[in-house]
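Accompanying notes for the structure given below.
The values are calculated or read from the model by the stated rules, or taken from the named source; none is laboratory data. Keep in mind it's a predicted model, so treat the numbers as computed, not measured. Cβ sites come from the backbone with ideal geometry, for glycine too, and all protein chains shown count toward neighbours. All accessible areas refer to the heavy atoms of the entire protein, side chains included, with ligands and DNA or RNA removed. Shrake-Rupley method; radii C 1.70, N 1.55, O 1.52, S 1.80 Å.
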Amino acid sequence: MSEDWEVRMSNSKGMPYFFNSGTRQSSWEPPKELTPEQISKLPGAEHLKGAKAEGGGKPGQVRASHLLVKHRDSRRPSSWKEANITRTKEEAIEILKGYESEIAGSQGRFAEVANRHSDCSSHSNGGDLGWFGRGQMQKPFEEAAYALKVGEFSPIISTDSGVHIVMRTG
């Protein structure tokens, strides 16, 4: 029943999820039995719109998560997983395409895949970089993050750090 569903914010991933108080079921994906209109009226639906939670960003800031795959030409070709990264940029893109298929448009899966595979230290937070403003990230990353709507994913982008998929979360 739709009245049992609500939207909550994950403390660990900083992302909204759906919770059914009747069955105690939780899901990153919207319940299939609910229409978009019903979802927009759920308790907590403001989390889906990127509403700023306590401690949210300042005006003009965005919040994003990313999945980074470094390559040998990255500005620092090492990570928490590998001391010396030797793959080519083309190989890194192919790896990222595989992760993109695994994510399949799911915000929850994005965080899980980033946690396991991202070469960034943000992997431990599901790729969450927190709130940031213009001029704080490398230009291609900033442009991608600001161009997205909350919940959208970027195509694969390249920066001096490596290749990324960006997901806007706020």
*Would you check if residue 99 is touching a residue at least 12 places away in the same chain (Cβ under 8 Å) and within 22 Å of residue 48 (Cα to Cα)?*
no
*Look at residue 127 and say whether it is at pLDDT below 95, farther than 30 Å from residue 29 by Cβ, in contact with a helix residue (DSSP H, G or I) (Cβ under 9 Å, 6 or more places away or on another chain) and not hydrophobic (A, V, I, L, M, F, W, C).*
no
*Any chance residue 43 is modelled with pLDDT under 85, more than 24 Å from residue 145 (Cβ to Cβ) and open to solvent by 20 Å² or more (accessible area, probe 1.4 Å)*: yes
*Answer yes if at least one residue in segment 141-164 is on the phi > 0 side of the Ramachandran plot and among the aliphatic types (A, V, I, L, M), and no otherwise.*
no
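Can you name every residue in segment 78-110 that is of a type in the set (A, V, I, L, M, F, W, C) and open to solvent by less than 70 Å² (accessible area, probe 1.4 Å)?
Once the filter is applied, which keeps residues that are of a type in the set (A, V, I, L, M, F, W, C) and open to solvent by less than 70 Å² (accessible area, probe 1.4 Å), segment 78-110 yields 85, 92, 93, 95, 96, 103, 104, 110.
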*asked:* I'd like to verify a number: residues in segment 116-128 that are closer than 18 Å to residue 76 by Cβ and surrounded by fewer than 21 Cβ atoms within 10 Å (Cβ to Cβ), how many?
replied: 4
*Single residue of segment 135-169 satisfying the filter (of a type in the set (S, T, N, Q) and touching a Leu at 6+ places or on another chain (Cβ under 7 Å)) that is surrounded by the fewest Cβ atoms within 10 Å (Cβ to Cβ)*: 154
*Name the pairs: first residue in segment 77-93 and assigned to a loop (DSSP other than H, G, I, E, B), second residue open to solvent by 40 Å² or more (accessible area, probe 1.4 Å) and of a type in the set (A, V, I, L, M, F, W, C), Cβ to Cβ under 9 Å, at least 6 apart or on different chains?*
87/95
*asked:* Given the criteria touching a strand residue (DSSP E or B) at 6+ places or on another chain (Cβ under 8 Å), assigned to a helix (DSSP H, G or I) and closer than 18 Å to residue 150 by Cα, does residue 66 qualify?
replied: no
*Do you know which residues across segment 125-170 are within 12 Å of residue 65 (Cβ to Cβ) and among the polar types (S, T, N, Q)?*
125, 154, 169
